[in-house]
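These notes are about the structure you will find just below.
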Amino acid sequence: MKAVKKILLLFIIILIVVSAYQVKLGYDKYRDALETKPLGVAIEELKAEENYMVYEDIPEIYFKALVAVEDRRFYQHNGFDIIGTSRAIYNDIKAKQLLEGGSTISQQLAKNLYFPQDNTLQRKIAEVFMALKLEREYEKQEVLEFYVNGIYYGSGYYSIYDASKGYFGKEPKDMTDYECTLLVGIPNAPSVYSLDVRPDLAEERQKKVIDCMVEAGYITENESIRIFEKE
């Protein structure tokens, strides 16, 4: 019994040491990224993109749908959601497959700005540090604005303006509730949900978006039915 306890203690110590080392590597990657390009510079470059859209020119329902399906606790956390991440890990383990990523909108923004092609563990850790910095320096509304202007929507569209014009032939401010909830679901898997590829799958994803909105209390069941009427 004592031997088992010693082995367990040794395993825990090794796990702590390895975890601490990985955190250090992630922090170093975060610091290196900021030294190469300060956060303020990265944001100004994003805002300088053609057809950059400000928060006020995007329908409010779009942001409600985005938060409901991607980051339910967006307004409660500071960039990293330990509760949401733990829940995602639990659900993935329970399902024995990767169903939920657990990343907050701020983490996804950090990845898009600094680590788009990096899928290492160190990147995930660096992403968390960057997300925390983003939320220290910018308001929640600004984070949402940055996010929708730099996310990929499939079919070669890298911003909400391009996606709205490309898919619906109109500017974001003119999108209907149906179009907003349809568009929100696409970045989850752009190659799968692109309206130019599988509109049927995009509509399936839209149903999940709207269900999440009802669960989050952003809309009622009756309002969800109205959205599907494509008014």
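Phi-derived couplings, Karplus 6.51 cos²θ - 1.76 cosθ + 1.60 at θ = phi - 60°, listed residue by residue for the range 132-138: 5, 5, 4, 7, 6, 9, 9 Hz, with x used for Gly and Pro. When each of Phe146, Phe129 is scored by the number of other beta-carbon atoms lying within 10 Å, the sequence from fewest to most is Phe129, Phe146.
In order along the range 159-170, the Karplus-derived 3J(HN,Hα) couplings, from 6.51 cos²θ - 1.76 cosθ + 1.60 at θ = phi - 60°, round to 7, 5, 5, 4, 5, 5, 5, x, 7, 10, x, 8 Hz, and Gly and Pro are given as x.
Ordering of 214-221, 165-172, 130-137 by packing is 130-137, 165-172, 214-221, highest average first (other Cβ atoms within 10 Å, averaged per residue). The fewest-to-most ranking of Ile160, Ile43 by surrounding Cβ atoms within 10 Å reads Ile43, Ile160. Couplings 3J(HN,Hα) of the range 32-38, computed from phi: 4, 5, 5, 5, 6, 8, x Hz, in residue order, whole Hz [Karplus 6.51 cos²θ - 1.76 cosθ + 1.60, θ = phi - 60°; x for Gly and Pro]. For Ile219, the amide hydrogen comes within under 5 Å of the amide hydrogens of Val214, counting only partners 5 or more places away or on other chains and with H modelled in the peptide plane.
Projection of the Cα convex hull of the range 140-231, averaged over all directions and equal to a quarter of that hull's surface, yields 5.8 nm².
Scanning residues 5 or more positions from Asp81 or on other chains, those with amide H under 5 Å from its amide H are Thr104, with H placed 1.01 Å from N in the peptide plane.
Read-outs throughout are calculated quantities, based only on the coordinates presented, and are distinct from any laboratory measurement. From a predicted model like this one, the values you see are computed outputs, not experimental measurements. Every residue, glycine as well, gets a Cβ built from its backbone with ideal geometry; the counts of neighbours run over all protein chains shown.
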